[in-house]
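The values are calculated or read from the model by the stated rules, or taken from the named source; none is laboratory data. Keep in mind it's a predicted model, so treat the numbers as computed, not measured. Glycine gets a Cβ as well: all are built from the backbone with ideal geometry, and neighbour counts include every protein chain shown. Just the protein is used for accessible areas: all its heavy atoms, side chains included, with ligands, DNA and RNA removed. Shrake-Rupley method; radii C 1.70, N 1.55, O 1.52, S 1.80 Å.
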Amino acid sequence: MCKLLKKDELSVKCESIVFKAVVDWIKHDPVNRSKHLDHLFQCVRFHLLPPKFLKEQLKQNEIFQYQETDSCK
């Protein structure tokens, strides 16, 4: 999955789509997938995301309650 997310040819209107794809993938099976979050977030180009968006995600998104996300924060 990370190979796909890192591709420069990946065409998305906003990097938030990539961020949300990672989050949705984790949410589908959090018990087994949350351990991959740190690695997958390395594939997201956070510098292209507005700080306000990131703040909202940290506050509102339940995946940031998982222990595995501590290093990501």
A 1.4 Å probe over the protein heavy atoms gives the chain a carbon and sulfur accessible-area percentage of 51
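With every protein chain kept in place and ligands, DNA and RNA left out, what is the accessible area per residue of the chain? Probe 1.4 Å, answer in Å². Kindly include the intermediate steps, with their values, before the conclusion.
Numbers: 5250 Å² over 73 residues.
That works out to 72 Å² per residue.
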Heavy-atom accessible area of V12, protein chains in place, probe 1.4 angstrom, given in Å² to nearest 10, is 50
Cα-based Rg and Dmax for the chain, in Å, come out at 11.7, 33
Each label sits 7 Å from Cα toward the beta-carbon; between H39 and K20 the label points are separated, in nm, by 2.6
So the FRET efficiency between L10 and K59, C-beta based with R0 = 22 Å and rounded to 0.05, is 0.20
Out of I26, I17, I63, a Gaussian network model of the chain with alpha-carbon springs under 10 Å gives the largest mean-square fluctuation to I17
Measure of exposure for D24: accessible area at 1.4 Å probe, Å² rounded to 10, is 90
